[in-house]
């Protein structure tokens with residue numbers, strides 16, 4: 001049957017079927033085939049059974065149950081309606097896996113224990129719900145957006161094989177040898193190795209990687225290896241709610257709470273050869289047992305190097321966070337599990353079309369707070385001139401007509417897409433090798449971070465990215481939106497009366513949102529967010545990005561300070577129901593043709609404590625990146641509020657509290673992005689702050 005006919009049948013089935021194929025009771029999982037639409041095309045299980053190369057995998061699916069309480073098998077599931085991606089290992093791949101696992105040549109597949117069968121099968125399958133399965137044309141470097149049946153996220157990379165042919169690699173080692181077998185209930189790709197996600201923590205994986213032995217030992221010496229072992233919050237697994245109050249935007253529909261509360265880490269790591277070259281270390285000498293024979297000599301050189309970059313870290317104990325070596329290591333560590341494609345997030349920046357991922361627009365960046373008590377920011381940037389993802393890139397001059405780079409005296413450290421085919425996706429995060437030594441030198445706070453710092457609020461909430469619901473590329477809003485229960489976030493606190501919902505607008509045309517997502521909070525809300533640290537002491541300005549809506553939004557009072565339990569009120573409440581040109585106190589005027597007059601209007605608005613929206617983000621487009629599309633500078637609903645101006649210092653915690661001023665609990669608090677801006681940027685007469 002042709003692909004077009006299959007897709008048509010799937011569409012017809014979706015219209016005709018009002019019942020669900022699968023019903024899940026409180027007691028058991030069971031596939032209900034009584035209301036199954038009969039397709040003329042093959043189901044996945046039919047393909048697996050009829051394809052000689054996948055007969056072993058087909059047999060194993062008949063052995064694996066949907067859950068411990070289930071009477072139904074994966075084979076039955078794959079014979080029913082649905083949308084699945086299957087990375088089916090060939091018979092040869094399964095045989096090799098079993099022979100290796102049980103140290104037996106030609107191990108009898110029929111003797112495979114149920115637990116091993118479940119491991120092979122569940123790691124090969126992804127359930128897409130109402131979304132389309134993954135065709136090979138949708139693969140990009142990074143991590144697939146949905147977990148497999150074993151609740152693990154699979155990575156994708158590209159490699160070359162014989163005669164320079166391009167190969168798609170799943171989870172580092174499994175090469176797709178046959179792509180895009182489109183079937184009535186999904187897609188099957190054949191792979192040449194069983195998919196085997198690692199159960200190692202990030203430090204353990206680094207320690208087991210042959211070209212990362214120096215950094216692995218540094219993790220041990222400083223004790224950071226012991227602080228990166230957490231993964232799944234088991235208490236949350238047993239006690240979390242399944243859905244929350246009605247969605248603030250799509251009322252009265254219910255929205256699910258996050259299924260898991262996982263903790264993750266990302267390590268940016270120098271290879272052994274890089275450290276040897278850059279820091280003039282002696283070549284590593286290994287004993288027969290694998291230990292580094294000349295480790296003491298290497299460690300002493302590294303310690304002295306670290307003292308040069310961290311002179312104020314005077315402790316002699318490497319496990320102390322006041323030790324130079326300890327601070328060197330901690331600046332490589334981010335307390336978030338970040339897949340490669342989520343290190344920065346592209347969506348609606350000027351010049352970008354989100355369905356043409358290879359066509360980059362202006363620079364996109366994220367600021368991350370690294371681990372350790374000496375809180376430091378690390379900037380990761382990508383744009384059309386960066387040639388990859390760069391750490392702490394410094395652009396000294398930009399073209400203010402299009403925000404493109406003119407001068408870049410510090411190109412930044414490259415984050416490599418892979419480590420030469422070695423595994424980098426751990427149970428609780430990722431590591432990435434880098435092409436230069438990463439240090440927090442004087443130029444990082446004084447040049448790289450001496451700028452307007454703009455943060456999407458999601459970047460301040462590690463759970464957002466570790467649990468993969470920021471910028472999730474789904475089609476159904478009930479999947480994209482999440483109700484957040486109290487206690488879920490480490491850096492956001494809110495009362496039981498606060499109905500917190502995350503709205504992911506990726507591919508939904510959300511306008512006026514930085515990076516296309518937002519938080520809506522209803523009820524008698526009282527919410528506090530921990531802010532990122534400033535890189536140096538001085539006068540800073542904190543700004544709040546808002547997108548007002550008359551019939552939905554609320555009025556909130558801001559509080560700001562360093563004592564979370566005793567924050568000071570800042571100015572008058574922000575009324576999120578007011579549009580720019582409606583009230584005199586905002587001094588909002590649309591731009592005209594006279595640039596000087598536009599600047600004067602901007603200054604008047606600034607003196608009143610407000611600013612227009614930046615030029616930086618625009619109405620999102622999928623397949624064209626014309627610079628003429630709408631930005632939000634002249635949109636009266638979208639602007640910035642200057643919440644606080646005052647002295648701030650590095651290493652100190654600061655918080656923003658938002659409290660409802662209305663009795664109407666149906667109205668929403670809107671949270672999108674924040675800005676921290678040093679005085680030399682916002683009050684520089686010689687070089688005024690740009691409009692981007």
Members of the range 283-304 found to be free of Cβ contacts under 8 Å to residues at least 40 places away in the same chain and part of a helix (DSSP H, G or I), listed by number: 296, 297, 300, 301, 303, 304
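How many residues are closer than 18 Å to residue 646 by Cβ, touching a strand residue (DSSP E or B) at 6+ places or on another chain (Cβ under 6 Å) and either without any contact (Cβ under 8 Å) to a residue 12 or more places away in the chain or surrounded by 21 or more Cβ atoms within 10 Å (Cβ to Cβ) (or both) when one looks only at the range 542-573? Before the answer, list the steps.
Keep residues of the range 542-573 that are closer than 18 Å to residue 646 by Cβ, which gives 542-544, 557-564, 566-572.
Add one more test, that the residue is touching a strand residue (DSSP E or B) at 6+ places or on another chain (Cβ under 6 Å), and what stays is 542-544, 557-561, 564, 567-570.
After this cut, where a residue has to be either without any contact (Cβ under 8 Å) to a residue 12 or more places away in the chain or surrounded by 21 or more Cβ atoms within 10 Å (Cβ to Cβ) (or both) as well, the list is 542-544, 558, 568, 570.
Of the residues in the range 542-573, 6 are closer than 18 Å to residue 646 by Cβ, touching a strand residue (DSSP E or B) at 6+ places or on another chain (Cβ under 6 Å) and either without any contact (Cβ under 8 Å) to a residue 12 or more places away in the chain or surrounded by 21 or more Cβ atoms within 10 Å (Cβ to Cβ) (or both).
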Selection status of residue 415, crowded, with 17+ Cβ neighbours inside 10 Å and under 20 Å from residue 466 (Cα atoms): yes
All positions within the range 310-346 that are in contact with a helix residue (DSSP H, G or I) (Cβ under 9 Å, 6 or more places away or on another chain), part of a helix (DSSP H, G or I) and under 18 Å from residue 265 (Cα atoms): 326, 327, 328, 329, 330, 342
Counted residues, the range 373-385 - those being more than 21 Å from residue 690 (Cα to Cα), part of a loop (DSSP other than H, G, I, E, B) and under 21 Å from the mean Cα position of the chain (by Cα): 2
Test: residue in the range 652-665 that is touching a residue at least 12 places away in the same chain (Cβ under 8 Å), in contact with a helix residue (DSSP H, G or I) (Cβ under 7 Å, 6 or more places away or on another chain) and surrounded by 20 or more Cβ atoms within 10 Å (Cβ to Cβ): no
Within the range 180-261, helices (runs of 4 or more DSSP H) holding 2 or more residues that are surrounded by 17 or more Cβ atoms within 10 Å (Cβ to Cβ): 202-207, 213-222
Tally of residues being under 14 Å from residue 580 (Cβ atoms) and either within 28 Å of the chain's Cα centre (by Cα) or without any contact (Cβ under 8 Å) to a residue 24 or more places away in the chain (or both) across the range 613-636: 3
Checking residue 269 against (1) without any contact (Cβ under 8 Å) to a residue 12 or more places away in the chain; (2) within 34 Å of the chain's Cα centre (by Cα), the condition it does not meet: (1)
Yes/no for residue 404 being within 17 Å of residue 514 (Cα to Cα) and touching a strand residue (DSSP E or B) at 6+ places or on another chain (Cβ under 8 Å): no
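Residues are listed down the side, and each one gets a yes or a no for (1) in contact with a strand residue (DSSP E or B) (Cβ under 6 Å, 6 or more places away or on another chain); (2) within 22 Å of residue 323 (Cα to Cα); (3) in the same structural domain as residue 505 (by TED's automatic domain parsing):
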site: 178; (1), (2), (3): yes, no, no
site: 184; (1), (2), (3): no, no, no
site: 227; (1), (2), (3): no, yes, no
site: 235; (1), (2), (3): no, no, no
site: 244; (1), (2), (3): yes, no, no
site: 273; (1), (2), (3): no, no, no
site: 278; (1), (2), (3): no, yes, no
site: 290; (1), (2), (3): no, no, no
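Taking the conditions exactly as written (in contact (Cβ under 8 Å) with a residue 60 or more places away in the chain, in the same structural domain as residue 634 (by TED's automatic domain parsing) and in a loop (DSSP other than H, G, I, E, B)), does residue 489 satisfy them or not? If you could, list the steps in order and put the result at the bottom.
On the way: in contact (Cβ under 8 Å) with a residue 60 or more places away in the chain: no; in the same structural domain as residue 634 (by TED's automatic domain parsing): yes; in a loop (DSSP other than H, G, I, E, B): yes.
Spelling it out, it is not the case that residue 489 is in contact (Cβ under 8 Å) with a residue 60 or more places away in the chain, in the same structural domain as residue 634 (by TED's automatic domain parsing) and in a loop (DSSP other than H, G, I, E, B).
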Qualifying residue in the range 114-123 (condition: at pLDDT 95 or above, within 15 Å of residue 58 (Cα to Cα) and more than 35 Å from the chain's Cα centre (by Cα)): no
From the options 153, 134, residue that is within 23 Å of residue 94 (Cα to Cα), free of Cβ contacts under 8 Å to residues at least 60 places away in the same chain and not in a helix (DSSP H, G or I): 134
Residues located in the range 303-334, provided they are buried (at least 16 other Cβ atoms within 10 Å of the Cβ) and in contact with a strand residue (DSSP E or B) (Cβ under 6 Å, 6 or more places away or on another chain): 313, 332, 333, 334
Residues that are touching a strand residue (DSSP E or B) at 6+ places or on another chain (Cβ under 6 Å) and either at pLDDT 95 or above or crowded, with 21+ Cβ neighbours inside 10 Å (or both), drawn from the range 345-360: 348, 349
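Residue 82 - would you say it is under 20 Å from residue 168 (Cα atoms), touching a residue at least 40 places away in the same chain (Cβ under 8 Å) and surrounded by 18 or more Cβ atoms within 10 Å (Cβ to Cβ)? Don't jump to the end; show me each part of the working.
Numbers: under 20 Å from residue 168 (Cα atoms): no; touching a residue at least 40 places away in the same chain (Cβ under 8 Å): yes; surrounded by 18 or more Cβ atoms within 10 Å (Cβ to Cβ): yes.
The answer is no for residue 82.
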Residue check for residue 377: touching a residue at least 24 places away in the same chain (Cβ under 8 Å), crowded, with 22+ Cβ neighbours inside 10 Å and not assigned by TED's automatic domain parsing to the domain that holds residue 460: yes
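Filter the range 114-130 for residues that are closer than 18 Å to residue 154 by Cβ and assigned to a helix (DSSP H, G or I) and give the result. Before the answer, list the steps.
Going through the range 114-130, the residues closer than 18 Å to residue 154 by Cβ turn out to be 118-129.
Result: 118, 119, 120, 121, 122.
The values are calculated or read from the model by the stated rules, or taken from the named source; none is laboratory data. These numbers come from a predicted model, not from an experiment. Neighbour counts run over all protein chains shown; Cβ positions are idealised from the backbone, glycine included.
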